[in-house]
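Enquirer: Handing you a structure now.
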Amino acid sequence: MRLEQEKYLNRIFITISLVFILISSLFLFMTLPKSELETKWTLSFAGANDLFETGQAIDFHLFLEDELGVPIENANMKAVFDRPGTVHQIEKTFSRLDGGLYETEIIFSVPGTWIAMVEVNKDGSTYYNQILFNVRGTIAAQNNRDPKDLFHLEQPLPRDLERELNNIPDFNR
């Protein structure tokens, strides 16, 4: 009799625990902040006319405005910088300046067309955009690359970079 009572109490305890977990999960799911996709903001690239050089630290500036042209301040901005055809995946967080201006420092390791995939979060809204820009110069030595740059010479390289490497006298991978 006592064994049957213990089994019954165990079943009740397990049932109550499962119901509690289910209700708690549902409550958390309903109360967690949801990010809404923002499509009316504008991102302007302050360096659109600049020529960026490989191997040099660059202050990368972006302006963020709402649909009325009012600067958006106190947002969290980050970007992933990459060059199509190679693997870089340089992830940067931007610092907030005044008047909707945001900046980060980056060092580009190879020449060519680069892309910055930008994500901005503010007050439950998320905005995405991409920026294309050109970098000129030669392939930067390992000690002249951004510390977050995943680029290495053992990865498959586009033909233009292969030609550049082949033109370096006494080059040893």
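Computed from the coordinates by the stated procedures, all read-outs in this text should not be read as laboratory data. In this text the structure is predicted, and so the values were computed from the model without any measurement. Please note: Cβ atoms are built from the backbone with ideal geometry, for glycine as well, and neighbour counts cover all protein chains shown.
Enquirer: Among 138-145, 154-161, how do they line up by average Cβ neighbours within 10 Å per residue, starting with the highest?
Expert: Packing order, densest peptide first, comes out as 138-145, 154-161.
Enquirer: Let me ask something else about it. If I model a spin label at R11 and T93 as a point 7 Å from the Cα along the Cα→Cβ vector, what separation in nanometres do I get?
Expert: 5.2
Enquirer: Where a Cα-Cα gap under 24 Å defines reach, which lysines qualify for K148, not counting those fewer than 8 residues away within the same chain?
Expert: Partners found: K78, K92.
Enquirer: Could you please report the charge total around K92, scoring K, R as +1 and D, E as -1 over all other residues with beta-carbon less than 15 angstrom from its beta-carbon?
Expert: Values: positive: K78, R83, R96, R145, K148; negative: D59, D82, E91, E103, E105, E119, D146, D149.
Overall, the nearby charge balance is -3.
Enquirer: Applying 1/(1 + (r/R0)^6) with R0 = 35 Å to the Cβ-Cβ distance of S125 and D59, what FRET efficiency is obtained, to the nearest 0.05? Don't jump to the answer; show the numbers that get you there.
Expert: On the way: r = 26 Å, r/R0 = 0.75.
E(calc), rounded to 0.05, equals 0.85.
Enquirer: Residue separation times 0.36 nm, minus the C-alpha to C-alpha distance between E36 and H152: what's the value?
Expert: My answer for the length gained is 38.0 nm.
Enquirer: So, one more: Running a GNM on the chain with Cα contacts under 10 Å, which residue among F151, F63, F20 ends up with the highest mean-square fluctuation?
Expert: Its mean-square fluctuation being the largest, the pick is F20.
Enquirer: Taking springs between alpha-carbon atoms closer than 10 angstrom, which of L26, L43, L68 fluctuates most in the Gaussian network model of the chain?
Expert: The residue that fluctuates most here is L26.
Enquirer: Using alpha-carbon positions, what is the distance between the centroids of the stretch 102-117 and the stretch 125-159, in Å?
Expert: The stretch 102-117 and the stretch 125-159 have Cα centres separated by 6 Å.
Enquirer: Measuring from the lowest to the highest alpha carbon on each principal axis, how far does the chain reach, largest first, in angstroms?
Expert: On the principal axes, the chain reaches 90, 50, 23 Å in Cα extent.
Enquirer: Toward the positive end of the charge dipole of the chain, about the Cα centre and with charges on Cβ (Lys, Arg +1; Asp, Glu -1), which of L62, N129, P156 goes farthest?
Expert: Selected residue: P156.
Enquirer: Using a Gaussian network model on the chain with a 10 Å cutoff between Cα atoms, which of V70, V118, V80 fluctuates the most?
Expert: Maximum among the listed residues: V70.
Enquirer: Which angle from 0 to 90°, rounded to the nearest 10, does the C-alpha axis of helix 2-31 make with the longest principal axis of the chain?
Expert: Tilt of helix 2-31: around 40 degrees.
Enquirer: Relative to the present Cα-Cα distance, how much length would full extension add between N167 and V70 at 0.36 nm per residue of separation?
Expert: Using 0.36 nm per residue and subtracting the Cα-Cα distance, I get 30.0 nm.
Enquirer: What FRET efficiency would be calculated for the residue pair A141, L18, taking the C-beta separation as r and a Förster radius of 45 Å, to the nearest 0.05?
Expert: E between A141 and L18, to the nearest 0.05, is 0.15.
Enquirer: For I115, what is the net charge nearby, where nearby means another residue's Cβ is under 14 Å from its Cβ and Lys, Arg count +1, Asp, Glu -1?
Expert: -1
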